[in-house]
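Quick notes on the structure that follows.
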Amino acid sequence: PVTIHRGDYRPPDWQVPDVALDFALAVEATRVAAALSVVRQADAPTPLVLRGDGLTPAAVRVDGEGWNDWRMDGADLIVDLGERTAATVEIDTLIHPASNTQLMGLYASNGMLCTQCEAEGFRRITFHPDRPDVLSRYKVRMEGDKAAFPILLSNGNCIAKGDGAGGNHWALWEDPWPKPSYLFALVAGDLVVNRDSFTTMSGREVELGIWVRDGDLDRTEHAMQALKDSMAWDERVYGREYDLDLFNIVAVSDFNMGAMENKGLNVFNTRYILADPDTATDVDYDGVEGVVAHEYFHNWSGNRVTCRDWFQLSLKEGFTVYRDQCFSADMGSPAVKRIEDVRLLRAAQFPEDAGPLAHPIRPDSFQEISNFYTATIYNKGAEIIHMMATMVGADRFRKGTDLYFERHDGEAATCEDFVRAIEEGAGIDLTQFRLWYSQAGTPRLTLSLAQESGDWALDVTQTVPPTPGQDDKQPMMIPLKLAAFAMDGSGAALPETLVTLTGATQRVPLGAFAARPALSINRGFSAPVIVDFARADGELAWLAANDDDPFARYEALQQLMLDTLVAAVSGKARGSQAVIDAIGQTLAGAATDPAFVAEAVLLPSEAFIGDQMVTVDPGAIRRERLALQAAIGTALESQWRAILAGAAPPATDLSRKAKGGRRLRGVALAYLAATAMDDVPALAFRIFSDADGMTERQAALATLAHGDSDERVAALDIFYQRYRDNPLVLDKWFQVQAWSLRADTVDAVKELAQHPDFTLANPNRVRSLYGALSGNQAAFHQADGAGYRLIADLVIALDPKNPQTSARMIPPLGRWKRFDDARAAMMKAELERILAQPGLSRDVTEQASKSLL
Ligand code: HT7
Ligand code: ZN
């Protein structure tokens, strides 16, 4: 495969100010007539290069005349326009939505037609430059059978519609805002709408519509509320107003990712739209709110200001994730949201940064851009914006973003443009900070305390590990929030201070303390770094109880648990009493802030424990984590039972407290389930049966699914029978079984893959089974390699149908360097087996070959 380099960027030779598309819609074969007005930008005559993917031109016309001066270059169409500096190029193509299993371009899902064009799907609809720095005004006419497709939608506004011949009807849509082709969208189907409206800050009325299949309408209210809240939030926090009279969202069940921000016509995975208490958990509700916000915020950070090229992807994705994180924090609990965001970063991005697929948030090269929709681009990208905002404060950050939006509105911009706008608008020198865009790898800070005649100081050493293609790293600019406390009751403290690290080593004065102070470090997770700092259990316990920063309290308790677990796994058991005491103390705050307490008392995941070790031992980690969980379950039994004794908050109550209460009940049940107490299966089954909503029901089912009781079998069966016709809930049924801690989980997954309700055609279903398995560390890394084989078999079977989703299953196999020789050899063998398949996609080839390095 060809490698594309960031440094090779050249501005387009031709711009396309206007695009007119005419679709004759049918599921089997859709005819597309495209008219591109093209204007030459290059000084000298140069042919027009139009990208295609699987297309054959049925006809080419230039300025209304049949045209023969064209040729195919691979999949692309090269049109020679001679000396012309402007022309109208018309091309007819025929595409086949029903057989488009890649779900890129125009495809059929449940009888409806919809599009996904980011990153390079538009070229599967018609020939076009299909690069984000070519912005056009779109006019779209579509015609199709009125019975099959009663609803016809595209970007912008519907400016005309009518009936056609033979039971057809048509609609004409116009989008006044120039946009890149990746934001084009079309939907045709039998849909119903939840309508609402929003009055913008300048008093304009915007019509809102959420389109779903008949029967799903009563599950769209949460998404609608999230949309209105997002629109108001972007006005209040960023001064950004919506710019069309209509905003539509369509939910589709077959979708490669979460959602897509097409201008005025967002297309969503049903998973991030549909929610009611009976079928969606609190986590699902939060997912809907966050993704609706994310896509809406793209209207400015992505659509009005777009990316010059795909190397700049984090310009829109990192910034937009940062914006949706802040929104969700404002809508709920900032402390809990920060904990969740950091947990996700550590689970998904830190391993990526430490493995063979590590790349900077602005990559230097790629083979297939779809492989770069990564946790690094999105979540580390968001952390980089978070650091800038931390360094300058909210008001100055807003000055920077105002300048960015003003300066680049209507443009295709770069990450450098963003940094320069923050520098100038907020008044800060970000010269060294720019390294965050070019250097991959998670910086590691090694800390030690030093004493100088009664005063204390913190010595910090920073290293950035080598990553593929980047052996030597320079020190980064790292904003580190810290505080120090006396633990002796004197109250002495260094209040929260923001230290900007710039050197490889740095000494930070802390002031006078009678004895070694307790250090609260990286408060609020001010920088995405790993901190190595040896601290006694007593100090961590003190911080867990007394630190005034909730995130730091959470971190202290997590560190205490982690130290205990890592010692146990390494055969240096040191007892669990310190952890039990600290959890017991934290539980005392359960009535006031159950959401925070639930997060704080959760044990670190098996994967995160493994990340602390030189060689991951999945079996020992599972064993020791369960043992600690059982010890905590037993020692604090009365507290866990007390939490479960009261009634659960009603499932319709989505307040922060009610959600926190349900979360804590789930945690309490899991702790009790880890013990061998006889009544736990019956207790879990009662909770499962009495539950008035999915949060409690799923938590109880997941707990039962780990065990071996009759109640497990009964609950799984009841759940299946009740929800077999609801695909999103059926996903949960597959998922809880693949998450199971049982020793036979790999076999169970193999069997579930043969279940009549399992299908490779639906990415949600694939992720619910196989994605859950590869997140189940001890099962995926089962000593006989059966987990690896299963995932490799999936990759091979799925690649011809849906290479994007297939390629996303590969990274867990690439972590072989972190495991013992036997496992590493089996993981590499599976990667090699994948690579030996004939006709492999570019997506899978890139991921598998890089994973072997
Ligand atoms: N910007 C969207 C990216 C996306 C996508 C990328 C590749 C293949 C399919 C896709 N669907 C959506 C999603 C977002 O970040 O908002
Ligand atoms: Zn996005």
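The values are calculated or read from the model by the stated rules, or taken from the named source; none is laboratory data. Bear in mind that the values here come from a model prediction, so they are computed numbers and not experimental data. No Cβ is skipped: glycine too gets one built from the backbone with ideal geometry, and neighbour counts run over all protein chains shown.
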### Residue among G287, G302 that is closer than 21 Å to I249 by Cα and either out of contact with any Leu (no Cβ under 9 Å at 6 or more places or on another chain) or basic (K, R) (or both)
G287
### Query
For the range 325-344, how many residues are in a helix (DSSP H, G or I) and more than 16 Å from the chain's Cα centre (by Cα)?
6
### Message
The conditions are (1) surrounded by 20 or more Cβ atoms within 10 Å (Cβ to Cβ); (2) in a helix (DSSP H, G or I); (3) of a type outside the set (S, T, Y), and P528 fails exactly one of them. Which is it?
### Response
(2)
### Summary
Per the filter on the range 291-343, residues among the aliphatic types (A, V, I, L, M), over 14 Å from K263 (Cβ atoms) and within 15 Å of ligand 1 (Cβ to nearest atom) are V291, V292, A293, L313, L315, V321
### Message
It is to be established whether one or more residues within the range 222-242 are within 30 Å of L760 (Cβ to Cβ) and buried (at least 22 other Cβ atoms within 10 Å of the Cβ).
### Response
yes
### Task
Could you name every one of the strands (runs of 3 or more DSSP E) located completely within the range 126-198 that has at least 3 residues being at positive phi?
none
### Task
Inspect all residues belonging to the range 137-152 and state whether any of them is within 14 Å of P180 (Cβ to Cβ), more than 16 Å from ligand 1 (Cβ to nearest atom), surrounded by fewer than 23 Cβ atoms within 10 Å (Cβ to Cβ) and in contact (Cβ under 8 Å) with a residue 24 or more places away in the chain.
yes
### Query
Is it the case that some residue within the range 133-151 is within 17 Å of A26 (Cβ to Cβ) and of a type in the set (K, R)?
yes
### Query
Which ones in the range 734-789 are touching a residue at least 12 places away in the same chain (Cβ under 8 Å), of a type in the set (S, T, N, Q) and in a loop (DSSP other than H, G, I, E, B)?
S740, N762, N776, Q782
### Query
Can we say T85 is more than 16 Å from ligand 1 (Cβ to nearest atom), hydroxyl-bearing (S, T, Y) and more than 37 Å from the chain's Cα centre (by Cα)?
yes
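Let's see how each residue does on (1) touching a Phe, Trp or Tyr at 6+ places or on another chain (Cβ under 6 Å); (2) without any contact (Cβ under 8 Å) to a residue 60 or more places away in the chain; (3) within 30 Å of I422 (Cα to Cα); (4) within 14 Å of ligand 2 (Cβ to nearest atom):
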| residue | (1), (2), (3), (4) |
| --- | --- |
| I273 | no, no, no, no |
| E295 | no, yes, yes, yes |
| S301 | yes, yes, yes, yes |
| F311 | no, no, yes, no |
| V321 | yes, no, yes, yes |
### Query
Any idea which of (1) within 15 Å of ligand 1 (Cβ to nearest atom); (2) assigned to a helix (DSSP H, G or I); (3) touching a Phe, Trp or Tyr at 6+ places or on another chain (Cβ under 8 Å) is the one M387 doesn't satisfy?
(1)
### Query
Residue check, D353 against (1) over 19 Å from A389 (Cα atoms); (2) within 16 Å of ligand 2 (Cβ to nearest atom), all met but one. Which one?
(2)
### Message
more than 30 Å from T592 (Cα to Cα) and assigned to a helix (DSSP H, G or I): is that true of P351 in this structure?
### Response
yes
### Task
With the condition kept exactly as written, say whether any residue in the range 89-109 is assigned to a strand (DSSP E or B) and either modelled with pLDDT under 95 or among the basic types (K, R) (or both).
no
### Query
Any residue in the range 260-270 that is away from ligand 1 (no atom under 13 Å from the Cβ), outside any loop (DSSP other than H, G, I, E, B) and surrounded by fewer than 20 Cβ atoms within 10 Å (Cβ to Cβ)?
no
### Query
Of all residues in the range 584-609 being charged (D, E, K, R) and assigned to a helix (DSSP H, G or I), which is surrounded by the fewest Cβ atoms within 10 Å (Cβ to Cβ)?
E606
### Message
Here's a check for you: in the range 110-125, which residue that is in a strand (DSSP E or B) and more than 12 Å from ligand 1 (Cβ to nearest atom) is surrounded by the most Cβ atoms within 10 Å (Cβ to Cβ)?
### Response
L113
### Task
Go through the range 26-53 and give me each residue that's exposed (fewer than 14 other Cβ atoms within 10 Å of the Cβ) and either in contact (Cβ under 8 Å) with a residue 12 or more places away in the chain or assigned to a strand (DSSP E or B) (or both).
E28, A29, V39, Q41, A42, P45, T46
### helices (runs of 4 or more DSSP H) contained entirely in the range 615-730, each with at least 1 residues that are within 29 Å of S253 (Cβ to Cβ) and β-branched (V, I, T)
694-706, 710-723
### Task
Of the numbered conditions (1) outside any loop (DSSP other than H, G, I, E, B); (2) among the small types (G, A, S); (3) on the phi > 0 side of the Ramachandran plot, G575 fails exactly one; give the number of that condition.
(1)
